[in-house]
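Colleague: Please read through the structure below; I'll follow up with questions.
No value in this document is a laboratory result; all are computed from the given coordinates. As the structure is a computational prediction, the values presented were derived from the model and not from experiment. Using ideal geometry, Cβ is built from the backbone for each residue, glycine included, and neighbour counts are taken over all protein chains shown.
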Amino acid sequence: MANIILVGAQLGDEGKGKVIDVLTERADVVVRTQGGSNAGHTVFVGPQKYVLHLIPSGILRGKTQCVIGNGVVVDPVALVREIQDLERLGVRVNGNLRISEKAHMVLPYHRELDACAEKLKGKQSIGTTRRGIGPAYADKISRTGLRMLDLLRRDWPLRLREQVRASNRLLRALGGKPVSLAPIEAEYRRAARRLRPLIVDTVQLLHDALDEGKQMLFEGAQGSYLDIDHGTYPYVTSSNTTAGGACTGSGVPPNRIDKVIGVMKAYTTRVGGGPLPTEDATIADLLHGMGREFGATTGRARRCGWFDAVVTRQAARINGIDEIAVTNLDGLDTLSEIKVCTHYALAGRRLDRVPADLDQLAACKPVYRVFPGWSKDTSTARRWNDLPRNARAYLKALAQLSGAHLAMVSVGPARDQTILP
Ligand code: GDP
Ligand code: IMO
Ligand code: MG
C-alpha cells in the first residue's frame, strides 16, 4: 500500500465506496478532494448499509483519519445531518474527521440557483442532483464564494448578508425564489457550533501525515466523464473528477502519489442527461428488474448500457490509471451474450476516442465485440479460480482493452465479495 488516488473511470457510481472501504483496511488517512453532497457512496458493513455523501468512506473504520479537502464544496447543514445519521448508527465522528478551512460552502441560494438553471434549460437540462454544486463552484471561481473559515468569523453575518443580496438579485432575474437571510443565518450558526472543532488547515495536517509516513487514500467522487474539462461537457459536474483534482483539492503534490486506481463497472451506467453511446434497454431492464441501479443520492433510475472500452481507455490515459477494479460483475451473471464496445464508427471511419463535440458523439456508432456469458452465479466466488472461465476471459478483455492491470474484482456489495486476481 502507498498513497493512492482512486477515481471513477466511467460516469459515476462505479462502486467507489465499496472499493474504498476494502482498501481502507490498510490506509491511515482517507481524503475527499472534490465534489460535494452530489456524491453518494454506498458501503455495506455486514448487513448495515451506509450511504456517504460528504464524509470519506473511511469513517466506518474507527481508526482512520478522514479529511474533507479544500477542493470539496461543503454544505455545512447537510454535513451535520450526515454526521448525526452516522452517529445514530453507532459510528463515532469527531477527532477522526477534519474539514478544510479553505473548502467553499454550499448555501441555500446555490440550491435554488441550481434548480432555476435546470428549469431554464428545459429539455437540455443536465439532470443535476440539485445539491447546489454548480452554483457553489461558480461563486468560487468568480471569487465571491464563502469558505468554511468564514463561518467561524465574527463578521460572518455581514458576509452572508452581502452574498444573499447578490444571489437574490440573480434569482429574481432568473425567475427563481429569493431566499431569506434570517433562517439561513440561524441554521448555519447551529451547524458552525458542531463543526467548529473540525475546521482546520488540512494542508498542514496532510503534510504532517506524509512526513510521518502515513498511507493516504484519495477518494474520488463522480467519474472521469463527468469531469468539467474531460467529460461530456456540458453534461458534467463542476469539478475535476480526474486524478489531477486530487492534488489541487488536497494540497498534496503529484510526486507524493504512488498509484492511481480506476474503478469501473462491468457495464456502464449514467444518471441524468447527456450521451451514453452504449445505452441498451435489455441490460437496463435486467438490472432494474433486479432492483439495482437506482441513484444513491437522488433515487433516480440510472441509465444502463454495455461496457464502453473507448471511455475506460481514455480515462486510463487522463488519470494515469495503473490498476483497475471491476465491480458489479455479478450483474451480468444471467446473460447468454455480453457486448463490449471496442471502438466507435463515425462516418465509416474507426474512432478510438470520445469526441468533444456532442453532435459528433451522437453520430458515433459503438462497434461491439460479443462475449459468451457464463450463466452462473458469481456472487459467491472469493478467488480468481472460483470464477467461471468465460467471466475470467471477459475480465481480462476489459483490462486489456482499457490498458491497465486488473487488480480487483467485486461480485457483490459486501466487503468479502471481493477477489484479488
Ligand atoms: P459510488 O458512487 O461509486 O460509490 O457507487 P454507488 O454506491 O453510488 O453505486 C454502486 C452500487 O453498487 C451500490 O449500491 C453498491 O452497494 C453496489 N455495488 C458495488 N459493487 C458491487 C458489486 O460488485 N456487486 C453488486 N451487486 N453491487 C455492488
Ligand atoms: P458519485 O460520487 C453519478 C451527475 C448528475 C448530473 C451531473 C451534474 O456517487 O459517483 P451535479 O449535481 O454534480 O451538478 O450534477 O453529474 N452526478 C453524478 N452521477 N454519480 C455521482 O457521484 C454524481 N454526481 C453528480 O446526475 O448528471
Ligand atoms: Mg454514487
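Colleague: With angles folded into 0 to 90 degrees, how steeply does helix 181-195 sit against the dominant principal axis of the chain? Use alpha carbons for both and round to 10.
Modeller: That helix lies at roughly 70 degrees to the long axis.
Colleague: Run the quick spin-label model on D229 and A182: label points 7 Å from Cα toward the beta carbon, then report their separation in nm to one decimal.
Modeller: In this crude spin-label approximation the distance works out to 4.6 nm.
Colleague: Charges at C-beta only: +1 for Lys and Arg, -1 for Asp and Glu. How large is the resulting dipole of the chain about its Cα centre, in Debye rounded to 20? Mind dumping the intermediate values first?
Modeller: Numbers: 58 positive and 43 negative charges, 149 e Å.
Rounded to the nearest 20 debye, it is 720 debye.
Colleague: When K259, K265 are ordered from fewest to most other Cβ atoms inside 10 Å of their Cβ, what list results?
Modeller: Listed from fewest to most nearby Cβ atoms, that is K259, K265.
Colleague: According to the Kirkwood expression over distinct Cα-Cα pairs, how big is the hydrodynamic radius of the stretch 104-195, in Å?
Modeller: Numbers: mean 1/r = 0.0733 Å⁻¹.
Kirkwood hydrodynamic radius for the stretch 104-195: 13.6 Å.
Colleague: Can you give me the long-range amide H partners of R303? Hydrogens built in the peptide plane at 1.01 Å from N, cutoff under 5 Å, separation of 5 or more residues or another chain.
Modeller: Those qualifying (amide H under 5 Å, at least 5 residues apart or on another chain) are R270, V271, G272.
Colleague: Which order do M408, M290 fall in if you start with the one that has the fewest other Cβ atoms within 10 Å?
Modeller: M290, M408
Colleague: Further, regarding this structure: To check you understand DSSP bridge types, tell me what percent of the beta bridges within the chain (both residues inside) are antiparallel, rounded to 5.
Modeller: Expressed as a percentage, antiparallel bridges in the chain total about 40.
Colleague: Could you list which residues have their amide H under 5 Å from that of K265, counting only those 5 or more apart in sequence or on another chain, with H placed in the peptide plane?
Modeller: T327
Colleague: In the structure displayed, which of K49/K396; K214/K259; K18/K259 lie more than 21 Å apart, Cα to Cα?
Modeller: Beyond 21 Å: K49/K396.
Colleague: On to the next question. Taking other Cβ within 10 Å of each residue's Cβ, how do T297, T144 sort, fewest first?
Modeller: Ordered by Cβ neighbours within 10 Å, fewest first: T144, T297.
Colleague: About its Cα centre, what dipole magnitude does the stretch 104-195 give when the only charges are +1 on Lys and Arg Cβ and -1 on Asp and Glu Cβ, stated in debye to the nearest 20? Don't skip to the end; give the middle numbers.
Modeller: Working: 21 positive and 9 negative charges, 16 e Å.
Its charge dipole is roughly 80 debye.
Colleague: Shifting gears a bit: If the chain between D211 and K119 were fully stretched, how many nm would it gain, using 0.36 nm times the residue separation less the Cα-Cα distance?
Modeller: 28.3 nm
Colleague: Per-residue ellipticity at 222 nm for the chain, helices alone: DSSP H runs ≥ 4 residues times -39500 (n - 2.57), over residue total, nearest 500 deg cm²/dmol? Let's see the in-between values first.
Modeller: On the way: 13 runs with 138 residues, N = 421.
It comes out at -10000 deg cm²/dmol, rounded to the nearest 500.
Colleague: Something else: Work out from phi, with θ = phi - 60° and the Karplus expression 6.51 cos²θ - 1.76 cosθ + 1.60, the ³J(HN,Hα) of each residue of the stretch 230-235, listed in order in whole Hz, and give x for Gly and Pro.
Modeller: 9, x, 7, 3, x, 7
Colleague: Follow-up. Can you spot the lysines whose alpha carbon is less than 24 Å from K177's alpha carbon? Ignore those fewer than 8 places along the same chain.
Modeller: K119, K121, K123, K140
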